[in-house]
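Q: There's a structure below that I have some questions on.
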Amino acid sequence: MSEPEHSKYCTVVGRDNLEVEINSGAMTRLAGVSESLTGSTGIHLAIATVPPGRCSTTHYHTNCESAIYVVSGTGTFLSGPELDREDTISAGDFIYVPPNSNHQPVNTSDTENLVLVVARNTPVELVVELPGLGRKDCV
């Protein structure tokens, strides 16, 4: 008789064992829950850091939706077809990013990192870069 699904062991990934992901502009991302680290197939969880005065590239994801939690820092979250919407973000804010939604997080602080927890509903995201849109002075 096989072991019931609910009795499998959980996986703990220590802070020193995070998976380095591809940078997006000045934004770096470290995964803690990923297909390669934990075998996850329907969720991915990472921590992203945008240095002071910097931003990610403008992009969208074709195969997933994302949820973002602002851990610390302040910034602007650009979104929309022409990135015409600018939302001020700070610690404690949640952001929902639907599939195919153009976006770009920008750190507006001169001294503090913008730290984001990013979750998505697929183990591997497909990203389309939009070099002609968004802020270019901070990438």
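Q: Picking from G73, G25, which residue would you name as being out of contact with any Leu (no Cβ under 9 Å at 6 or more places or on another chain) and surrounded by 16 or more Cβ atoms within 10 Å (Cβ to Cβ)?
A: G25
Q: Let me ask something else about it. One residue is enough: does the stretch 78-88 have a residue meeting the conditions among the basic types (K, R) and free of Cβ contacts under 8 Å to residues at least 12 places away in the same chain?
A: yes
Q: Okay, next question. Go through the residues of the stretch 18-39 one by one and say whether even a single one is within 21 Å of L130 (Cβ to Cβ), of a type in the set (K, R) and at pLDDT 95 or above.
A: No, the conditions are met nowhere in the stretch 18-39.
Q: Right, another one. In the list R85, R120, which residue meets the criterion of being under 23 Å from V33 (Cβ atoms) and in contact with a strand residue (DSSP E or B) (Cβ under 7 Å, 6 or more places away or on another chain)?
A: R120
Q: Every residue in the stretch 19-43 that is among the aliphatic types (A, V, I, L, M), over 21 Å from N107 (Cα atoms) and in contact with a helix residue (DSSP H, G or I) (Cβ under 8 Å, 6 or more places away or on another chain), please.
A: L37 - this is the single residue of the stretch 19-43 that is among the aliphatic types (A, V, I, L, M), over 21 Å from N107 (Cα atoms) and in contact with a helix residue (DSSP H, G or I) (Cβ under 8 Å, 6 or more places away or on another chain).
Q: OK, next. Filter the stretch 89-111 down to the residues that are of a type outside the set (G, A, S) and either loosely packed, with under 15 Cβ neighbours inside 10 Å or without any contact (Cβ under 8 Å) to a residue 12 or more places away in the chain (or both) and list them by number.
A: Those that are of a type outside the set (G, A, S) and either loosely packed, with under 15 Cβ neighbours inside 10 Å or without any contact (Cβ under 8 Å) to a residue 12 or more places away in the chain (or both): F94, Y96, P98, N100, D110, T111.
The values are calculated or read from the model by the stated rules, or taken from the named source; none is laboratory data. No experiment lies behind these values; they were computed from the predicted model shown. Positions of Cβ are generated from backbone atoms using ideal geometry, with glycine treated the same way; all protein chains shown enter the neighbour counts.
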